[in-house]
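A.B. asks: Here you go, one structure.
The values are calculated or read from the model by the stated rules, or taken from the named source; none is laboratory data. All values derive from a computational prediction rather than experimental measurement. No Cβ is skipped: glycine too gets one built from the backbone with ideal geometry, and neighbour counts run over all protein chains shown. These accessible areas exclude ligands, DNA and RNA; they are computed on the full protein's heavy atoms, side chains included. Shrake-Rupley method; radii C 1.70, N 1.55, O 1.52, S 1.80 Å.
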Amino acid sequence: MGWSPIEKSFKNWRVKPNLQNYEETRRIFSWAEIDAELKATIEGLNIADIAVDRHAKSDRADHIALRFLRKNWDVQDFTYRDLALQTNQFANVLKTLGVGKGDRVFALTGRIPSLYIAALGTLKNGSVICPLFSAFGPEPIYQRMNRGDAKVLVTTTALYQQKVVALRDRLPKLQHILLADSADHLEDGIWSLPKLMQAATSEFEIVSTQPEDMALLHFTSGTTGMPKGAIHVHKAVYAHYMTAKYVLDLHPDDIFWCTADPGWVTGTSYGIIAPLTHGVTSIIDEAEFDADRWYRILETQKVTVWYTAPTAIRRLMRLDIDPKAEYDLSHLRLVHSVGEPLNPEAVVWGQEKLGLPIHDNWWQTETGGIMIANYATMQIRPGSMGRPIPGVEAAIVRRHEDGTIEQIDQPGIDGDLALKPDFPSIFRGYLHDEERYRKCFVGDWYITGDLAMRDRDGYFWFMGREDDIIKTSGHMVSPFEVESALMEHPAVAEAGVIGKPNPMIGELVKAFVALKPGREPSEALKLELLGFARQKLGAAVAPKELEFQESLPKTRSGKIMRRLLKARELGLPEGDLSTLETN
Ligand code: AMP
């Protein structure tokens with residue numbers, strides 16, 4: 001809005017876009033189309049069969065499936081055949097250890113081959129994979145593993161020693177730790193993964209999971225409680241495949257690069273599964289963000305389709321680099337972004353500096369796959385998330401106090417963004433939390449927790465979140481989790497945590513702290529508290545700013561009013577204060 005639409009032409013493309021006419025594709029689409037295209041080689045449905053073995057048993061067996069770029073630029077390739085054999089070995093490792101169907105296997109590593117092999121091997125074994133972000137501190141790791149009933153953890157020696165050793169007594173269900181980089185077993189239950197892999201055969205019959213069997217567990221943040229484990233089933237692969245076809249526009253010879261870490265849902269759905277379902281080559285960079293490195297990857301790997309995030313794009317934008325002039329990006333056909341609002345400036349920057357506009361899309365942990373998108377062939381309206389994918393109905397709704405729900409058909413009015421929950425990748429529950437799960441559904445709709453509006457042509461525009469969840473560098477952070485960690489410090493009486501708008505990372509985690517009687521605010525104590533939180537939570541979650549207050553604003557029922565803290569921080573109107581405790 002206020003920005004000129006970007007028209008597309010694909011006349012010079014080397015391939016024909018998969019979605020040529022949005023309205024027509026949407027009109028004729030049915031999930032049966034995807035069912036017919038995904039020819040399982042087993043009874044039932046298993047994501048790893050669709051992603052790996054299906055290709056390994058075809059003439060794509062020798063095509064590169066995963067290409068890892070090590071930090072020193074060494075390249076390690078896995079063909080579909082290699083991947084099939086090694087994931088078989090991993091499945092056999094699990095089987096030998098007595099890990100079975102439905103058991104939870106967690107992974108805490110960087111983006112190394114063992115993580116990808118473990119994820120897909122776990123699925124073959126009918127077990128459930130839950131990758132964690134390796135920059136989490138011990139507390140977020142504990143909360144997720146405990147809640148997720150972790151039976152196995154795949155990690156590295158360093159991460160085990162730094163973050164997991166101290167938690168072991170609190171995780172009685174954790175039976176096996178598989179160290180990806182240890183040549184020897186350490187003790188019973190702490191095994192060398194390479195040694196176990198070596199002893200395992202590379203023949204394995206995939207457990208014939210059913211479409212509704214649990215496959216993936218992804219934790220997402222809550223505002224009022226600890227993280228929620230969103231359950232996804234094997235049938236989610238229909239949505240992974242379908243969106244990679246119609247949104248990412250993958251074709252067999254594409255070189256695809258998703259920059260997300262599998263510790264977040266994008267890094268699993270689109271960093272592991274979706275590209276493999278199309279038999280393409282997927283690039284995985286083990287290093288962290290570095291502008292020159294990223295452009296060199298696009299150039300040297302001849303990346304054709306790139307899926308990244310607004311924070312990364314904003315970091316590229318502020319540098320004095322002219323990518324089109326300084327790097328050969330001629331292979332790049334499409335750039336996509338997800339995770340947080342993509343500023344219109346960024347879309348246009350892409351057009352000018354990369355020679356391609358950036359295609360924003362929207363989804364969340366609970367939806368398992370892309371839901372609203374800008375398509376290769378469709379006009380882009382900078383600042384809009386695009387239009388719903390074929391097979392998914394999205395709407396703006398308003399909830400009434402009597403529990404009814406009203407669909408708002410007029411354009412330009414904001415309300416709750418809602419989806420009809422009848423698509424394959426919608427989450428099937430929050431683990432051990434039926435009530436929280438049920439609350440997400442009202443009438444025929446799944447309420448996403450986001451506020452949005454629709455324009456008259458059906459483009460959706462993100463307006464904000466309905467809750468206090470913080471989005472920092474594209475990652476969800478629960479204020480509750482941060483407050484709980486701060487409260488464990490002996491000096492802290494109360495803590496309230498907000499997201500403070502930040503032009504680079506979206507929102508910055510800021511904490512407000514009231515101290516216990518007898519404790520005085522000081523710069524030293526502030527640093528101590530920031531360090532304390534960082535040690536517990538890890539850099540990705542911990543607050544970056546902290547401010548002392550005499551006492552924090554609370555409701556009469558004693559809940560800290562984060563909304564008010566935020567309004568005061570930003571100098572905004574304080575809104576309805578009728579529930580504010582006044583004494
Ligand atoms: P997560 O579950 O961590 O993937 O976070 C999902 C949330 O990120 C959504 O509910 C939105 O609040 C936000 N989000 C994701 N994609 C976009 C987007 N394209 N524009 C605006 N917000 C987004």
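A.B. asks: Rounded to whole Hz and in sequence order, give me ³J(HN,Hα) for segment 185-191 from the Karplus expression 6.51 cos²θ - 1.76 cosθ + 1.60, θ = phi - 60°, writing x for Gly and Pro.
C.D. replies: 5, 8, 6, 4, x, 10, 9
A.B. asks: Tell me which trypsin sites (Lys or Arg not before Pro) from segment 501-583 have a DSSP coil assignment and no more than 16 other beta carbons within 10 Å of their own.
C.D. replies: The qualifying sites are 519, 544, 556, 559.
A.B. asks: Explain nothing, just the number: relative contact order of segment 47-105, from Cα pairs under 8 Å at least 6 residues apart, as a whole percent.
C.D. replies: 28 percent
A.B. asks: Got the relative contact order for segment 98-161 handy, in percent, Cα pairs under 8 Å and 6 or more residues apart?
C.D. replies: Numbers: 83 pairs, mean separation 31.1, N = 64.
It comes to 49 percent, rounded to a whole number.
A.B. asks: Over the chain, what is the relative contact order in whole percent, taking alpha-carbon pairs under 8 Å and six or more residues apart?
C.D. replies: Details: 1261 pairs, mean separation 77.2, N = 583.
Reported relative contact order: 13 percent.
A.B. asks: Continuing with the same structure: Modelled label-to-label distance, residue 37 and residue 438, 7 Å Cα→beta-carbon offset: nm?
C.D. replies: Distance between label points: 3.8 nm.
A.B. asks: Determine the calculated [θ] at 222 nm for the chain from helices alone, applying -39500 (n - 2.57) to every DSSP H run no shorter than 4 residues and normalising by the residue count; nearest 500 deg cm²/dmol.
C.D. replies: Working: 17 runs with 145 residues, N = 583.
Calculated mean residue ellipticity at 222 nm is -7000 deg cm²/dmol.
A.B. asks: Put +1 on the Cβ of each Lys and Arg and -1 on the Cβ of each Asp and Glu in the chain; which of 282, 339, 222 then has its Cα farthest toward the positive end of the dipole?
C.D. replies: 282
A.B. asks: If the chain between residue 146 and residue 504 were fully stretched, how many nm would it gain, using 0.36 nm times the residue separation less the Cα-Cα distance? List each step's numbers first, then the result.
C.D. replies: Details: separation 358, 0.36 × 358 = 128.88 nm, distance 3.35 nm.
Once the chain is fully extended between residue 146 and residue 504, it gains 125.5 nm.
A.B. asks: Moving on. Can you compute 3J(HN,Hα) from phi for each residue in segment 31-44, using the Karplus curve 6.51 cos²θ - 1.76 cosθ + 1.60 with θ = phi - 60°, rounded to whole Hz and x for Gly and Pro?
C.D. replies: Along segment 31-44, the couplings run 5, 5, 4, 5, 4, 5, 7, 8, 8, 5, 9, 10, 5, x Hz.
A.B. asks: So what is the accessible area of the chain per residue, in Å², with the probe set to 1.4 Å? Display every interim value, and only then the final one.
C.D. replies: Numbers: 23270 Å² over 583 residues.
Heavy-atom accessible area per residue stands at 40 Å².
A.B. asks: Also, quick follow-up: Please work out the FRET efficiency for the pair residue 165 and residue 62, using the Cβ-Cβ distance as r and a Förster radius of 30 Å; give the result to the nearest 0.05.
C.D. replies: Numbers: r = 42 Å, r/R0 = 1.39.
Result of the calculation: an efficiency of 0.10.
A.B. asks: Would you please give the residues with an amide H less than 5 Å from that of residue 336, counting only those at least 5 places away or on a separate chain, with H modeled from the backbone geometry?
C.D. replies: Excluding prolines and chain starts, which carry no amide H, the hits are 306, 307, 308, 359.
A.B. asks: Something else now. Just subtract the alpha-carbon distance of residue 77 and residue 202 from 0.36 nm times their residue separation and send over the number in nm, one decimal. Working shown, then result.
C.D. replies: On the way: separation 125, 0.36 × 125 = 45.00 nm, distance 1.81 nm.
Going from the current span to full extension adds 43.2 nm.
A.B. asks: Moving on. For an R0 of 30 angstrom, estimate the FRET efficiency from the Cβ-Cβ distance between residue 318 and residue 534 and round to the nearest 0.05. Before the final figure, lay out each step's value.
C.D. replies: Details: r = 25 Å, r/R0 = 0.84.
Once rounded, the FRET efficiency stands at 0.75.
A.B. asks: At 1.4 Å probe size, with the rest of the protein present, what percent of the exposed accessible area of the chain is carbon and sulfur atoms?
C.D. replies: Working: 11250 of 23270 Å².
In the chain, the share of accessible area belonging to carbon and sulfur is 48 percent.
A.B. asks: Ok, one more. Which entries in the list 151/544; 16/39; 163/302; 173/471 go over 28 Å, if you measure between the two C-alpha atoms of each? Spell out each step's value before the answer.
C.D. replies: Values: 151/544 33 Å; 16/39 23 Å; 163/302 37 Å; 173/471 32 Å.
From the list (151/544; 16/39; 163/302; 173/471), the Cα-Cα distance tops 28 Å for 151/544; 163/302; 173/471.
A.B. asks: Quick query: amide H of residue 492 versus all other amide H atoms, modeled in the peptide plane; which residues come in under 5 Å with a sequence gap of 5 or more or a different chain?
C.D. replies: Result for residue 492 returns 516.
A.B. asks: How many angstrom separate the Cα center of segment 288-311 from the Cα center of segment 206-277?
C.D. replies: Rounded to whole Å, the Cα centres lie 21 Å apart.
A.B. asks: Continuing with the same structure: Choose one of 150, 479, 397: the residue whose Cα lies farthest towards the positive end of the charge dipole of the chain (beta-carbon charges +1 Lys, Arg; -1 Asp, Glu; about the Cα centre).
C.D. replies: 150
A.B. asks: Now for a different question. Roughly what would the spin-label model give for residue 576 and residue 547, points 7 Å off Cα along C-beta, in nm?
C.D. replies: Computed distance between label sites residue 576 and residue 547 equals 2.5 nm.
A.B. asks: Provide the per-residue ³J(HN,Hα) series for segment 554-560, in order, calculated from phi with Karplus coefficients 6.51, -1.76, 1.60 and θ = phi - 60°, each as a whole number of Hz, with x at glycine and proline positions.
C.D. replies: Once θ is set to phi - 60°, the couplings for segment 554-560 become 10, 6, 4, 8, x, 8, 5 Hz.
A.B. asks: State the extension gain, in nm to one decimal, for the chain segment bounded by residue 407 and residue 287, taking 0.36 nm per residue of separation less the distance between their alpha-carbons.
C.D. replies: Details: separation 120, 0.36 × 120 = 43.20 nm, distance 4.53 nm.
Once the chain is fully extended between residue 407 and residue 287, it gains 38.7 nm.
A.B. asks: Sticking with this one: Size of the dipole of the chain about the Cα centre, Lys and Arg at +1 and Asp and Glu at -1 on the beta carbon, nothing else charged, in debye to 20? Each step should come with its number before you reach the end.
C.D. replies: On the way: 67 positive and 78 negative charges, 58 e Å.
The dipole magnitude comes to about 280 debye.
A.B. asks: Turning to a different aspect of this structure: Label residue 523 and residue 488 with points 7 Å out from Cα along Cα→Cβ: what is the distance between them in nm?
C.D. replies: 2.9 nm
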